[in-house]
């Protein structure tokens, strides 16, 4: 795959902890508004510009995107954001709970997304892609990286480790306790070595950022059509990316909470789940599942341990996933969640969620399911096969902050 050096607008080191913000897509509309009210100079005000308007505002209206451009220009004008003097790469380390992951911030070629070198595993929603296209065009910049995973390479680990021996340009802890450390890699020999080593990587996998990658591809196509093909390569022909070795990534479960039992009584639901291929064992206290094919279910005031008893041999990479088994055997046919992307009766809860939290979310009428995390290996297998995972299959954490790298296109 091809990576390239980048030139970015980045926050001043003394302001970085106040400016950088969690990614735009971890917030719903209300929580984004609350965050920006508490952090008015943060990058989220630019990433979610509808927070500057009243509750009834159309979030896709032209004035919303114009507000994002206005706020970005203001942060440049007041010196919050400074432009890199020369193209470079960055090493970005996130540390939390005794673990660290170190990735490379670079530009990845749109061609690699189109030819399948950068592989996807999720469908995109048209409204969200259009939103990211319009937001990026309004800013004239790519505001957040696509998170990519690649199969581990010792040579790349060594090059990145060498870059991390220098003095970091950022080193701070965010409100959730995650430490963010960034090194600038500007030496031409070092950047050339990293680019050459990444050229030996045969595939990278989108862990997070499918909508950003698709938006970058559409912008590239539109601008190429407008300029003609004879022009030299431009920044918009690549997208901002953060590339991590797969073994360093931490994946957490994505649990499901259904609002009700779809009219089924306790005995009816348990009998139907049993007939769908699961063993069912009541639990005095919840034990979260620790192996593939096992689930914990909260329903009718009781926790149950579920285990899929049929063989998954012969199933394809998508159908055999726990999230797929739950959807195809229980959520759709029994609980009426026919379209997991649009149903208002199901809630997806990502991260290291406790049994007590799931129990509270389910309440008296709901049904909660705790799952094992979908592994990075499973993600890669699905992407390699050209498959598409069900929505909300993976939750990667810790998440990189937005606003650290704003790449002009």
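No value in this document is a laboratory result; all are computed from the given coordinates. Only a predicted model underlies this, so the values are computations on that prediction, with no experimental measurement involved. No Cβ is skipped: glycine too gets one built from the backbone with ideal geometry, and neighbour counts run over all protein chains shown.
Please list the radius of gyration and Dmax for the range 149-297, considering alpha-carbon atoms only, with Å as the unit.
24.0, 70
Among 28, 14, 338, which one shows the biggest mean-square fluctuation in a GNM of the chain, springs joining Cα atoms closer than 10 Å?
Greatest mean-square fluctuation among the candidates belongs to 28.
Obtain the nm distance between the two label points defined at residue 302 and residue 234 by a simple spin-label model: each point lies 7 Å from its Cα along the Cα-to-C-beta direction.
Taking the two extended label points, one gets 6.4 nm.
Using Cα atoms only, what is the angle between the long axis of helix 266-275 and the major principal axis of the chain, expressed in degrees (0 to 90) to the nearest 10?
Approximately 70 degrees, to the nearest 10.
At a Förster radius of 56 Å, what calculated FRET efficiency corresponds to the Cβ-Cβ distance of residue 280 and residue 195, to the nearest 0.05? Please list the in-between numbers first.
Values: r = 54 Å, r/R0 = 0.96.
Taking R0 as 56 Å, the efficiency between residue 280 and residue 195 is 0.55.
Using Cβ counts within 10 Å as a stand-in for footprinting exposure, how do 164, 108, 372, 220 rank, fewest first? Let's see the in-between values first.
Details: 164 16, 108 26, 372 19, 220 22.
Listing 164, 108, 372, 220 from fewest to most nearby Cβ atoms yields 164, 372, 220, 108.
Based on the alpha-carbon gyration tensor of the range 254-372 and its eigenvalue square roots a ≥ b ≥ c, which shape applies: rounded if a/c is under 1.5, prolate if not and a/b is larger than b/c, or oblate? Please report the intermediate quantities before stating the final value.
Working: a/c = 1.26, a/b = 1.21, b/c = 1.05.
Rounded, because the longest to shortest axis ratio a/c is under 1.5.
Between the helical axis of 126-139 and the dominant principal axis of the chain, each derived from Cα atoms, what acute angle in degrees is found, rounded to the nearest 10?
20
How far is it, in nm, from the label point at residue 175 to the one at residue 352 when both lie 7 Å from their Cα along the line to the Cβ?
With each label point 7 Å from Cα toward Cβ, the separation is 2.0 nm.
Assuming R0 = 30 Å, what is the FRET efficiency of residue 290 and residue 153, from their Cβ-Cβ distance, to the nearest 0.05? Show your work: numbers first, answer last.
Details: r = 30 Å, r/R0 = 1.01.
The value I calculate is 0.50.
From the Cα gyration tensor of the chain, with a ≥ b ≥ c the square roots of its eigenvalues, which class applies: rounded if a/c is under 1.5, or else prolate if a/b is larger than b/c, or else oblate?
It comes out prolate by the Cα gyration axes.
In whole angstrom, how far apart do the alpha carbon centroids of the range 281-360 and the range 111-146 sit?
30
Per-residue ellipticity at 222 nm for the chain, helices alone: DSSP H runs ≥ 4 residues times -39500 (n - 2.57), over residue total, nearest 500 deg cm²/dmol? If you can, show how the numbers build up before the last one.
Details: 13 runs with 124 residues, N = 409.
Computed ellipticity for the chain at 222 nm equals -8500 deg cm²/dmol.
Relative to the longest principal Cα axis of the chain, at what angle does helix 188-198 sit, 0 to 90 degrees, rounded to 10?
30
Label the range 222-272 by shape, choosing from rounded, prolate and oblate, from the square roots a ≥ b ≥ c of the eigenvalues of the Cα gyration tensor; if a/c is under 1.5 it is rounded, and otherwise prolate applies when a/b is larger than b/c, oblate when it is not. Don't skip to the answer; put the middle values down first.
Working: a/c = 6.67, a/b = 2.47, b/c = 2.70.
Note, shape of the range 222-272 comes out oblate.
Which of 172, 198, 43 ends up with the largest GNM mean-square fluctuation for the chain, with Cα atoms connected below 10 Å?
Comparing 172, 198, 43 in the GNM, the peak value goes to 172.
Using the reciprocal of the averaged 1/r over all distinct C-alpha pairs, how large is the Kirkwood radius of the range 1-112 in Å? Each step should come with its number before you reach the end.
Working: mean 1/r = 0.0622 Å⁻¹.
Value: 16.1 Å, from the Cα pair sum.
Mind listing the Cα extents of the range 305-359 along all three principal axes, in Å, largest one first?
Computed over the Cα atoms, the extents are 35, 25, 19 Å.
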